[in-house]
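Coordinate-derived values only; no laboratory data. Remember, it's a predicted structure, so these values are computed and weren't measured experimentally.
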Amino acid sequence: MTRIIKMRIRAIMAGFALALVAACAAPPPPPPPPAPVAIPSRPLPPGGASPSFVVPPRDMYGIRQTVNTNLSGVQKSWNMRSAFTVAALNCLNPQHAGILPAYKSFIETHKAGLARINRSVEQEWKEKVGSSYQRARDTYTTQVYNYFAMPPILPRFCDVMNEIAFQTQTVTPVDLDVFAQNSLARIEAVFEGYFTDFEQYRIDLAAWDAQYGARYGQSQVQQVSANYYAPDTAGAMVQPMQAQDSYGPLANDGAAAQPGFGGTR
């Protein structure tokens, strides 16, 4: 009996000892803090454009309304010639060095064809506008040049014009119109790609503001009136946008304003 009591006392004492050791042990470390959440940067406009850049609208059929919309065949051909002029004047990076000599060769090789196209375009403007056609055409031509020279899109424009410039070397006079009109469609696809990217930027920006704007501040984007207006379906005169290239505003006719850039309007 005494032995049993002693054994119980020893067990109780051992339990007290274990409890004392546990009480003196260091507490377990706290759980790790939650991983930091990476906040994405506020979206920026593509091509370094102003956040208030105005994208040409679409009509009820989803067609983008630009200076190259709803044109006759000869006007498309002439606008491609205008695009080539803008490229020769503005695409000056080393990788685009072939554009200028190709442009000069194109103007010389297709002098007769371009003169024919110009006469046809002139006649269209006379029939559409009347006696004031020259001013109307000059205004539209200025807008065409400025459209192609928009700085945010210029790198993409120069890349596609570099490809087109190379292909002009094999164009025969018979194929001039078809080549010019197909080339304009390729150029316009580049601009459409940029406009789509800018529209996506606005969607992304709105989503960022909705999620993070309350904490970090809303984006200070102001939708202002554009200086660029698309022509209406009746072909009315449009207001020119004073676009700037690397060396200042383009002249009304860059081909006539620069030495070595001969050709009719």
Quiz item: Could you give the radius of gyration (one decimal) and Dmax (whole number) of the Cα atoms in the stretch 69-144, in Å?
Solution: 14.1, 45
Quiz item: If you average the sequence gap of Cα pairs under 8 Å that are 6 or more apart and divide by the length of the stretch 82-226, what percent do you get for the contact order?
Solution: 28 percent
Quiz prompt | Alpha-carbon centroids, the stretch 135-208 and the stretch 41-105: separation in whole Å | solution = 3 Å
